[in-house]
Amino acid sequence: MTQKRVFNFSAGPSTLPVPVLEKVASQMLNYKDSGMSVMEMSHRSSSYLEIFNETKDLLKKVMNIPDNYKILFIQGGATQQFSTIPLNLMKNGKADYIVTGAFSKKSAQEAAKFGDVHIAYNGSDNNFKHIPTQDELDIREGTSYVHICANNTIFGTEWKYVPDTKGAPIVADMSSNILSKPINVADYGMIYAGAQKNMGIAGCGIVIVREDLINEHKDNIPVLMEYNTIAENDSMYNTPPTFSIYVLGLVLKWIDEMGGLEVMQKKNEEKAKLLYDYLDTTDFYKTHSDKDNRSLMNVTFTCPNKDLDAQFVKESVIAGMTNLKGHRSVGGIRASIYNAMPLEGVQTLVDFMKKFEAENK
Ligand SMILES: *Cc1c(COP(=O)(O)O)cnc(C)c1O
C-alpha cells in the first residue's frame, strides 16, 4: 500500500525529485538488462563505468567545471574533508578560516590540529545571523588557503559574493547549496559537498579541486585522505560509493533536462521569495538571519515563544509536512527548500503559517 508523500523539509538527508525515485525503482531489480541492480555491480564492470563516467561528465557540464579541475567522489561526507583539507592544502602550515556557523567552526577546529589556523571572522557573537562584508574580514597575507562555508545550513545564511582573499585559494563547503544556482568554479581553489542535501543520497561526497593544488604526492598522510592518489586513480583507489554516485547521476540528469542551474536558481528564488515575503509582512514570526544574507535553501524563523514553536511543528505534520523543527542551536522552525522541494510544498507551508498565525496571535 502506498501512503501519500509528505512535503519533507529535512535539512539532510533531504527530499529527492520524484522522477529520480521512480527511475531508481524501475531500475532496481534489473538495470538496463544487466540482470542485476546497480548495488550488485562490480565497480570495474562496463555497466558501472558507464554510470560513473556519465555522472562525472554531467557534473562537469551542469556546473561548467573548467578542465584544470579534478572531480573526486569521496566517502566520509563533508566532515571527512574538514580533516583532509588541511592535510593536503595547508602547504606552508597556515590557513585562514571564516567562521559563519556550526560547520565552519568545526572545520576550523579540525584544521587547528594540523597547523596555524587564523580565524579571519567569527560570527558566534551574533549567533551566526550575519555573513561578513569584505571590510569585516581579517585575512593574512600568504596564508595557504581561506576556508568558507557557502551556505550555513543550521542558521540559514548564505554568501552572496566571493570574498577577496589576497590571492589565496578559496576552499568552500557547499554541502547545502551546491547545484542551487550557477557559480564560477574558477573563483575557488576547491569546492566540496556531501551529496545528501542537494545532490542525492548519503554516502558520497564531491570534491572539485584545482589540479595544481594537489599535484604533489604526500606519503605521510592516510592513503584515502590524499587527493593526489584519489585523483590519479579516478576515485577508484578502493570501491567508491557506487549506488550514491548512480543516484547523483540521476539527479544531475533531472537538473540538466530541466534547463540547468539557471533554471534551478530561478525556481529556488521564487520559492524563497514566497516564504520570505510572507515572513516580512508579519511580526508573529521572526527570521533569524540578516535580511541581506538570507539563504535560498534553509529558511530559519521562530514563533513568539517556544511552546508555539513546538505546537507549530506538531500541527504542521497533520497538514502534510515534516521535519520543520529548527536545529537546537537556533530553536524555532527551519524549512529546508532544496532543489527537489516543489513550489507547491512552499505554498502549503505559507498557507499553514498564515492559518497558524491567525489562530494563535
Ligand atoms: C551537512 C553539512 C555538513 C556535514 O556533512 P556530512 O556529510 O554529514 O559530513 C558540513 N557542512 C555543511 C554546510 C553541511 O550542511
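Where a number appears in this text, it was derived from the coordinates with a stated rule and is not lab data. Please read all numbers here as calculations on a predicted model, not as lab measurements. Quick reminder, even Gly has a Cβ in these numbers, built from the backbone with ideal geometry, and neighbours come from all protein chains shown.
Assorted remarks:
- The listed peptides 53-59, 130-136, ordered by packing as a protection proxy, come out as 53-59, 130-136 (highest mean of other Cβ atoms within 10 Å first).
- Beta bridges per DSSP with both ends in the chain, % antiparallel, nearest 5: 55 percent
- Part-to-part distance (alpha-carbon centres) for the stretch 317-355 and the stretch 120-157, which is given in Å: 27 Å
- Distance from the Cα centroid of the stretch 165-188 to that of the stretch 42-88 is 16 Å (rounded to whole angstrom).
- Shape call, the chain: gyration tensor on alpha carbons, a/c limit 1.5: oblate
- Highest-fluctuation residue, Pro222, Pro169, Pro86 considered, GNM on the chain with Cα pairs under 10 Å: Pro222
- With coordinates expressed along the principal axes, the C-alpha atoms belonging to the stretch 141-271 extend over 48, 41, 26 Å, beginning with the largest.
- Basic side chains Lys and Arg get +1 at the Cβ, acidic Asp and Glu get -1 at the Cβ, and with that the dipole of the chain about its Cα centre reaches some 820 debye.
- Global geometry of the stretch 124-183, whether rounded, prolate or oblate, following the gyration tensor of its Cα atoms and the 1.5 cut on a/c: oblate
- Candidates Tyr227, Tyr338, Tyr276: whichever shows maximal mean-square fluctuation once the chain is modelled as a Gaussian network with Cα springs under 10 Å: Tyr276
- Cα shape, the stretch 227-361, gyration tensor, a/c 1.5 rule: prolate
- Mean separation of Cα contacts under 8 Å, 6 or more apart, over the residue count of the stretch 140-230: relative contact order %: 19 percent
- Looking at the stretch 130-203, the DSSP beta bridges with both ends there are about 20 percent antiparallel.
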